[in-house]
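For reference, the structure discussed in these notes is given below.
Laboratory data are not the source of any read-out in this text; all were calculated from the coordinates shown. Just so you know, these numbers come straight off a predicted model, no measurement behind them. Here the Cβ positions follow ideal geometry from the backbone for every residue, glycine too, while neighbour counts run over all protein chains shown.
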Amino acid sequence: MPRLNRSDLFMEIAGLFAERSTCERGHVGAVIVKEKHIISHGYNGAPSGMPQCDEVGCDTLEVYTKPNSTTPRWVEHQLGCQRAIHAEANAIAYAAKVGVKCDCAVMYSTAEPCKKCSELIIQAGIMAVHYDNPYRLGAKDFLDSANIIVHQHVWTPRTMPIEGPCPNCGHAGGTPTSGGCDICDGD
């Protein structure tokens, strides 16, 4: 079986940190890597020692848009959980707490960073962001304008499960290999 590449490895580890998330609105994990080593990590949740979303519920903020010519009535918008700190912000804060510089580091996150996290990424000196899933309020263009390298992660076939049956043997859910899946291996 081929060796796991570093990009997939760091994204898998970010995924493990996402499993520590305490916010019920989304599970996101992030790791910061410098010179092929993880220097910091984070997941979304309330500050240490504070009540967590999975204990007391999310603290969502609702705002209302005033009626105007295009919208004749008040419209409610939910701005998301105000209790949880995003994984990317937690990773940067942890690096600062333990005295680790993020200059020229790379962040791997299971979700595209929002604008506030992107501002922190820029200020921390992180030079590249790899994310797995797009975020509805993602800030890729904002990071691009700051010359931060940003791209959605592309999983190598070794770690991406086959969707549907293997084209060679018909087995569902195997891991791809050069000839089929890990069940038939092309035979």
What the 5 Å binned alpha carbon P(r) of region 1-57 shows, as percent of pairs per bin from 0, is 4, 19, 23, 19, 14, 11, 6, 3, 1
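Determine the sum of side-chain charges near L143: Lys and Arg each +1, Asp and Glu each -1, restricted to other residues whose C-beta is under 10 angstrom from that of L143. Present the calculation step by step, with values, prior to reporting the outcome.
Working: positive: K115, K140; negative: E112, E119, D141, D144.
Taking every Cβ under 10 Å from that of L143, the sum is -2.
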Long-range amide H partners of I85 with built H, under 5 Å: G45, A46
Under 5 Å from the placed amide H of V129, counting only residues 5+ away or on other chains, we find M107, I149, V150, H151
Treating cross-link reach as a plain straight distance, find the lysines whose alpha-carbon is under 17 Å from the alpha-carbon of K101, omitting any fewer than eight places away in the same chain. K34, K36
Calculate, in nm to one decimal, what R6 and T60 gain on full extension: separation in residues at 0.36 nm each, minus their alpha carbon distance. 15.8 nm
For region 5-14, what does the Karplus curve 6.51 cos²θ - 1.76 cosθ + 1.60, with θ = phi - 60°, yield as ³J(HN,Hα) per residue in whole Hz, taken in order and with x for Gly and Pro? 6, 4, 4, 5, 4, 5, 5, 4, 5, 4
Derived scalar couplings ³J(HN,Hα) [region 54-60; Karplus, 6.51 cos²θ - 1.76 cosθ + 1.60; whole Hz; x for Gly, Pro]: 6, 9, 10, x, 6, 9, 8
Taking amide H positions as placed 1.01 Å from N in the peptide plane, with prolines and chain starts having none, which residues 5 or more places from G29, or on another chain, fall under 5 Å of its amide H? A18, T110, A111
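Could you tell me the calculated FRET efficiency between A93 and V154, based on Cβ-Cβ distance and R0 = 22 angstrom, to the nearest 0.05?
Values: r = 29 Å, r/R0 = 1.30.
About 0.15, to the nearest 0.05.
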Two-site label geometry, S48 and Q123: point separation in nm, points 7 Å out along Cα→Cβ: 2.0
Relative to the present Cα-Cα distance, how much length would full extension add between D141 and K101 at 0.36 nm per residue of separation? 11.9 nm
